[in-house]
Amino acid sequence: MVRRKKLSKKALLELRSKIALEHIITYFKLALEFSRKGDVKKADYCIRKIRWISKNFGVKIPRLIKYFICRKCKKFILPSKLRVRVRDNREPHLSIRCPRCGAIRRIYFKRKRK
Ligand SMILES: [Zn+2]
């Protein structure tokens, strides 16, 4: 018989979120793979899965992955069609445009304060 270490509730929750995060990352890699093959529908499906996992498991989507998900239409922004501009009006920021719905997302750089 294999003796299993009893995990506390907190440790279990941590493990759960860790596994959920791993799933998010694998699904994102899959989405990238599908988009490279030109299978947009499957890539979108992966993104739906990612959002489902983060909602149901209470795990935040990593920032880097969030950049590839459109805020408006919640679809995968294909890296091949990604349009990133660096703009410098008022404050320097990156603007990412979704090729499908045209929504623009702005990412502001953190200002260094002395
Ligand atoms: Zn969009």
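The values are calculated or read from the model by the stated rules, or taken from the named source; none is laboratory data. What you are looking at is a predicted structure, and each value in this text was computed from that prediction instead of being measured. Every residue, glycine as well, gets a Cβ built from its backbone with ideal geometry; the counts of neighbours run over all protein chains shown.
Data for the structure
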item	result
From Ser54, Ser17, Ser8, Ser35, residue being farther than 29 Å from Tyr108 by Cβ and of a type in the set (S, T, N, Q)	Ser8
Of the criteria (1) assigned to a loop (DSSP other than H, G, I, E, B); (2) loosely packed, with under 14 Cβ neighbours inside 10 Å; (3) at pLDDT 90 or above; (4) not small (Gly, Ala, Ser), which one Glu91 fails	(3)
Test: residue in the range 39-46 that is surrounded by 11 or more Cβ atoms within 10 Å (Cβ to Cβ), at pLDDT 90 or above, within 13 Å of the ligand (Cβ to nearest atom) and outside any strand (DSSP E or B)	yes
Tally of residues being surrounded by 14 or more Cβ atoms within 10 Å (Cβ to Cβ) and either outside any strand (DSSP E or B) or at positive phi (or both) across the range 63-88	9
Meets criteria (within 13 Å of the ligand (Cβ to nearest atom), aliphatic (A, V, I, L, M) and either in a strand (DSSP E or B) or free of Cβ contacts under 8 Å to residues at least 60 places away in the same chain (or both)) for Leu13	no
